[in-house]
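Comments concern the structure below.
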Amino acid sequence: MLNWSRLCPMSVYCQSCGEEINEDAEICPECGVRQGTDTGSDSVSGMEGNTLVNTIIGAVVTIVVGFIPVLNLLSPAIGGGLGGYLQKEGAGGGAKVGALVTIAFLIPLAILLVVAGGLIGSLLPAGAGGAGAGAAAGGIGLIAVVIIAIPSFVLSIIGGVVGGAVAGE
Ligand SMILES: [Zn+2]
């Protein structure tokens with residue numbers, strides 16, 4: 001018996017009527033039924049979605065672990081590590097997600113600390129400096145974010161590299 005799929009690799013068969021059609025044909029010329037496309041077109045957009053989803057998962061885990069005593073010191077490494085592991089793009093992809101995780105959890109934290117600082121300042125009695133004290137408290141909140149940001153980036157990128165390496169390419 002001849003093996004047509006081996007001898008004639010450019011030919012496929014219509015999914016509906018079974019007629020032999022060109023491999024590149026999107027629609028069967030015999031019956032007009034659209035052929036299923038299992039090309040990699042959706043894997044690209046899927047990967048972009050995964051980066052966003054993995055970043056959000058990592059950031060949420062970082063914030064949640066941040067409320068647990070002792071473990072909170074390592075929360076960026078845990079969140080970044082999980083994001084990097086879920087990314088499944090090796091150490092490089094893990095580092096990228098790790099950095100994104102830190103940005104994702106620092107932005108709400110920065111807003112919170114600056115608002116809280118301003119609020120504390122505004123609650124101080126006028127004799128203590130009023131608006132000036134509020135601005136100073138907000139500035140202290142901002143400095144606190146910067147102080148938190150540096151080790152957080154280092155930890156979450158290390159976590160992301162380890163997580164990505166464990167998950168593999
Ligand atoms: Zn057909």
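Overview of results
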item: Residue within region 42-50 that is surrounded by 15 or more Cβ atoms within 10 Å (Cβ to Cβ), part of a helix (DSSP H, G or I) and modelled with pLDDT of 90 or more present; result: no
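Condition check ((1) surrounded by 14 or more Cβ atoms within 10 Å (Cβ to Cβ); (2) of a type in the set (Val, Ile, Thr)) across all residues:
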| site | (1), (2) |
| --- | --- |
| THR55 | yes, yes |
| LEU71 | no, no |
| GLY81 | yes, no |
| GLN87 | yes, no |
| GLY90 | yes, no |
| ALA95 | yes, no |
| GLY98 | yes, no |
| ALA104 | yes, no |
| LEU112 | no, no |
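The values are calculated or read from the model by the stated rules, or taken from the named source; none is laboratory data. Since the model is a prediction, treat every value here as computed from it, not as a measurement. No Cβ is skipped: glycine too gets one built from the backbone with ideal geometry, and neighbour counts run over all protein chains shown.
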